1. Using the Kirkwood radius over Cα pairs, work out the Stokes-Einstein diffusion coefficient for the stretch 36-85 at 10 °C and 1.306 mPa s, in µm²/s as a whole number.
2. Relative to the first principal axis of the alpha-carbon coordinates of the chain, what is the inclination of helix 428-448, with its axis defined by its Cα atoms, in degrees from 0 to 90 and to the nearest 10?
3. Run a plain Debye calculation on the stretch 205-253 (Cα atoms as equal point scatterers, no solvent) and give log10 I(q)/I(0) at q = 0.15, 0.20 Å⁻¹, rounded to two decimals, same order as the q list.
4. The stretch 355-438: which GluC sites (Glu not before Pro) are DSSP loop and have at most 13 other beta-carbon atoms within 10 angstrom?
5. What Kirkwood hydrodynamic radius, in Å, does the stretch 365-455 give when the mean of 1/r is taken over all pairs of distinct Cα atoms and then inverted?
6. For the stretch 289-367, what percent of Cα pairs sit more than 15 Å apart?
7. Going 7 Å from the Cα of S113 in the Cα-to-Cβ direction, what parts of the stretch 73-91 have a backbone nitrogen less than 19 Å from that spot?
8. Taking all pairs of distinct Cα atoms, average 1/r, flip it, and tell me the Kirkwood hydrodynamic radius of the stretch 126-219 in Å to one decimal place.
Amino acid sequence: MKVIIQKTSALILAVILICSVLPIRAAARFEIPGHCRVQTESGIAYTVKTLDYEYVHNTYISLRDIAVVLKDTDKSFSLEITKNAVSLNKEDVYVPVGVENVPWEDIENPDISLLRNEFKVSGQNVYYYTLIMKLPSGDYDCFMMAADLAMILDVEITVPVAGSMEIHTQAPFVISPAALEEAGYFNGVNSVLAGDAATGEIYYQYQSQTPYPIASISKLMTYILTMDAVSAGQISLEETVTISDTVQLLAESEDGVLPLESGDQITVEELLYGALLPSSNECALCLAETIAGSEEAFVEMMNQKAGEMGLSQAVFFNSHGLPFYTEDAIPSKCQNRMSAEDMFRLVSYLLKVYPQVKDITSLQSAGLKSLHLDVRNTNPLLYNLPGVTGLKTGTTNKAGACLVTSLAADDGGPEHDLVVIVLGTENSIERGRVSGLLARYALYAFETGAENSETGASGQISEKLPMHAEAAVDWILNTARKHR
């Protein structure tokens with residue numbers, strides 16, 4: 001099984017890394033028109049238009065051309081494309097408009113932007129970055145990454161030779177992180193980890209023991225301390241708190257998310273929604289002041305809690321994850337840091353002790369009645385993958401784009417929470433794509449019992465056993481079930 005997965009993944013890897021094409025022009029910082037030959041099991045080869053976005057081999061393929069390639073297969077789909085929206089309906093039959101599978105006309109490099117255009121798959125909104133352009137015929141076409149399309153259609157795409165692709169409609173989409181790592185796919189990422197929070201089993205990890213800035217993922221620790229205070233009876237979720245001058249200053253800064261004003265009243269529960277969904281920094285600061293009296297005192301609590309949880313690589317400077325400047329004449333710029341392994345420990349603890357966090361982080365949007373505002377979740381995988389229940393995005397210049405994802409998985413026993421941690425990608429586009437690939441791998445590994453040796457992972461992150469006997473028994477049974 002391991003050999004088959006590696007061979008299959010090596011072929012898919014070629015698509016994800018280069019989707020090799022023969023570009024008409026080899027200039028960077030433009031959308032470079034090109035083409036490749038694509039075929040299915042039928043053996044009929046089609047010409048498919050491509051655009052290399054900004055750099056050669058950063059290739060996006062024509063959806064209209066691919067729709068014709070798959071028209072008479074089990075993976076057929078219909079398309080409606082406008083200036084800034086795409087509707088793709090799986091298992092529908094595509095009706096050609098006459099512009100498909102022909103080479104580019106002699107045109108200049110198109111000047112279009114890679115955007116998160118409105119995109120629906122069988123009526124459901126999804127979050128993918130695409131290029132939409134108007135063709136000389138007046139029709140619109142959409143170009144997207146082959147890997148993203150493979151995930152949407154659940155098909156295997158391979159690159160047998162440069163300038164060609166094969167779509168295997170009967171083979172499901174499968175990925176091997178070990179093959180990706182060997183080919184350098186994670187070179188542009190600080191660290192990643194995928195595992196099962198219920199058992200502590202690690203499916204794959206890369207540079208997971210090195211601490212990196214974590215940006216707004218810090219708010220997961222703020223949530224834990226808030227719920228600790230609620231559990232202790234110090235505060236209640238329904239309790240109303242008053243916005244301070246300090247919180248208003250942060251809200252008015254360039255890092256402000258919600259319009260909180262000094263003297264405003266808002267509930268603790270709404271502050272949690274604001275901190276976790278739109279990633280409001282001012283909501284996190286308000287929670288810190290409410291619980292500890294000051295952010296400085298709250299940070300001491302954060303670092304103390306990290307020590308109690310065994311997070312040896314964690315250090316916190318504030319409650320929200322923004323850069324922190326010291327008061328020196330030449331100030332130092334610090335950021336909350338943690339390793340992916342420590343983040344896995346934190347998330348495992350959170351999901352076991354306060355699983356109700358998923359009631360918030362699984363929402364695409366929510367209303368904050370005190371502010372008369374609706375807020376949206378910043379997690380892209382909530383829209384792209386069934387079973388996603390959270391958890392948190394984070395972005396700063398130093399941290400890059402980060403995402404911690406949780407997914408519900410079921411093997412016939414108690415529900416498992418699979419966790420994917422991605423720290424330090426170049427931008428939100430790569431954050432979503434890397435997280436999406438690893439999330440699908442985590443589900444595959446859980447369902448098939450993929451061997452840890454395939455990825456070179458350590459197998460399991462040690463953690464303190466639950467203190468209550470019943471919880472300890474559940475933990476042991478879950479671990480035994482996974483290794484049976």
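The values are calculated or read from the model by the stated rules, or taken from the named source; none is laboratory data. Since the structure is predicted, the reported quantities are computational estimates derived from the model, not experimental observations. Every residue, glycine as well, gets a Cβ built from its backbone with ideal geometry; the counts of neighbours run over all protein chains shown. Calculation scope for accessible area: heavy atoms of the full protein, side chains included, ligands and nucleic acids excluded. Shrake-Rupley method; radii C 1.70, N 1.55, O 1.52, S 1.80 Å.
1. Working: Rh = 12.2 Å.
D = 131 µm²/s.
2. The angle comes out near 90 degrees.
3. -0.67, -0.91
4. Values: sites: E415, E426, E430; in loops: E415, E426.
Here the sparse-neighbourhood loop sites are E415, E426.
5. Numbers: mean 1/r = 0.0690 Å⁻¹.
The Cα-based Kirkwood calculation yields 14.5 Å.
6. Numbers: 2076 of 3081 pairs.
When every Cα pair of the stretch 289-367 is considered, 67 percent fall beyond 15 Å.
7. 82-86
8. Values: mean 1/r = 0.0589 Å⁻¹.
Final number for the Kirkwood radius of the stretch 126-219 is 17.0 Å.
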